[in-house]
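**Q** Structure in structure tokens, see below.
The values are calculated or read from the model by the stated rules, or taken from the named source; none is laboratory data. These figures come from a predicted structure and were not determined experimentally. Here the Cβ positions follow ideal geometry from the backbone for every residue, glycine too, while neighbour counts run over all protein chains shown. Only protein heavy atoms, including side chains, enter the accessible area calculation; ligands, DNA and RNA are left aside. Shrake-Rupley method; radii C 1.70, N 1.55, O 1.52, S 1.80 Å.
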Amino acid sequence: MKVEIIKCLQDNYSYLIIDEQTNEACVIDPSEANPIINYCEKNDVRPKYILNTHHHFDHVGGNQEIKDKYSSVVLGFKGDKDRIPGIDLLLEDQQIWKTGNFETKITHIPGHTRGHISYYFFNEKIIFSGDTLFSLGCGKIFEGTYDEMYESLSKFKNLPLDTKIYCGHEYTLQNSKFCIKHDPSNQKLINKMLEIKKKINNGTPTLPSTLKDELECNIFLRANNIRSFSKLRDLKDNF
Ligand code: ZN
Ligand code: FE
């Protein structure tokens, strides 16, 4: 398995997780169809499945066009069946979806939206976190409560420390500025910021991150009670 990062729209990332034995792939959150189709045509990859983390347009915008072209099967949370375009397979919390060499565990992580889920490919130790856990940040709370978001973020904390985290947006640099403001003496964060700046200057993605890095540096994961989490979330909204 390899993961290909596909830049979409302004600052979105879609991903292809590719089975190199068959050249079949799962597309995670196709913001738009063209960059995905271009990659697949060039590399002879077949996007058999489309995996959506949530219904926002910048995560499902390419669903229908990719589905029409490749007869892809679209997966999403059952609660979002009326708002994920082209949805075929309705997923549940804690379900394991397996087909061919793809095997992933679904976790319901509401807060950003009611129906947000993550996909954890446990054999590869890779998680697609959508707009819930960002590198050095977390998603805005649009449909859920602070409690839900706090609880959803805490679900990441028990994964293996070397789990690779692929999220929906390149927000890392901006997020890092908020983290350092509220955690100025965190040496691990200072070191990570140097790496991040290097990558941004080279025009390369700052992702994937690792759970270890996020536990050490992400102020929202470091908040250990709902009160401080909620306060940070409010401050970030106006940062
Ligand atoms: Zn979103
Ligand atoms: Fe988004």
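**Q** Taking 0.36 nm per residue of separation and subtracting the Cα-Cα distance, what length does fully extending F122 through K78 add?
**A** Going from the current span to full extension adds 13.7 nm.
**Q** Here is a follow-up. Which percent of the accessible heavy-atom area of the range 2-170 goes to carbon and sulfur, probe 1.4 angstrom?
**A** 45 percent
**Q** Mind scanning K181/K231; K105/K157; K164/K188; K7/K125 and naming the pairs with a C-alpha gap bigger than 20 Å?
**A** The pairs that break the limit, which is 20 Å between Cα atoms, are K7/K125.
**Q** Another question, if that's okay. Cα centroid distance between the range 126-170 and the range 17-42, in Å?
**A** Spelled out, the Cα-based centre of one part sits 23 Å from the other.
**Q** Can you compute the equivalent ellipsoid semi-axes for the range 2-170, i.e. the square root of 5 times each eigenvalue of the Cα gyration tensor, sorted largest first and rounded to whole Å?
**A** After diagonalising the Cα gyration tensor, the semi-axes are 23, 17, 15 Å.
**Q** Taking a cut-off of 15 Å between Cα atoms, list the aspartates and glutamates near K198, but don't count ones fewer than 8 places away on the same chain.
**A** Partners found: E170.
**Q** For N225 and K188, what does the FRET efficiency come to when R0 = 25 Å and r is the distance between their Cβ atoms, rounded to the nearest 0.05?
**A** On the way: r = 21 Å, r/R0 = 0.86.
Working from the Cβ atoms, E equals 0.70.
**Q** What is the antiparallel percent of DSSP beta bridges lying wholly in the chain, to the nearest 5?
**A** Antiparallel bridges: around 65 percent, rounded to the nearest 5.
**Q** How many angstrom lie between the C-alpha centres of the range 200-239 and the range 76-107?
**A** If we compute the Cα centre of each part, the gap is 27 Å.
**Q** Between L215 and K105, what is the label-to-label distance in nm when each label sits 7 Å out along the Cα-to-Cβ direction?
**A** Taking the two extended label points, one gets 1.5 nm.
**Q** Any idea of D11's accessible area? Nearest 10 Å², probe 1.4 Å.
**A** It works out to around 50 Å².
**Q** If you take the beta carbon distance between T145 and D44 as r and set R0 to 45 Å, what does 1/(1 + (r/R0)^6) give as a FRET efficiency, to the nearest 0.05?
**A** Plugging the Cβ-Cβ distance into 1/(1 + (r/R0)^6) gives 0.50.
**Q** Could you give the dipole magnitude of the chain about its Cα centre, charging the beta-carbon of Lys and Arg +1 and that of Asp and Glu -1, in debye to the nearest 20?
**A** Details: 31 positive and 33 negative charges, 155 e Å.
Here the chain has a charge dipole of around 740 debye.
**Q** Something else now. May I ask you to derive the relative contact order of the range 2-170, considering only C-alpha pairs under 8 Å and at least 6 residues apart, and to give it as an integer percent?
**A** Computed value for the range 2-170: 16 percent relative contact order.
**Q** Given H placed on each backbone N at 1.01 Å, which residues far from E32 in sequence or on other chains put an amide H within less than 5 Å of it?
**A** Those lying under 5 Å, H to H, from E32 are G62.
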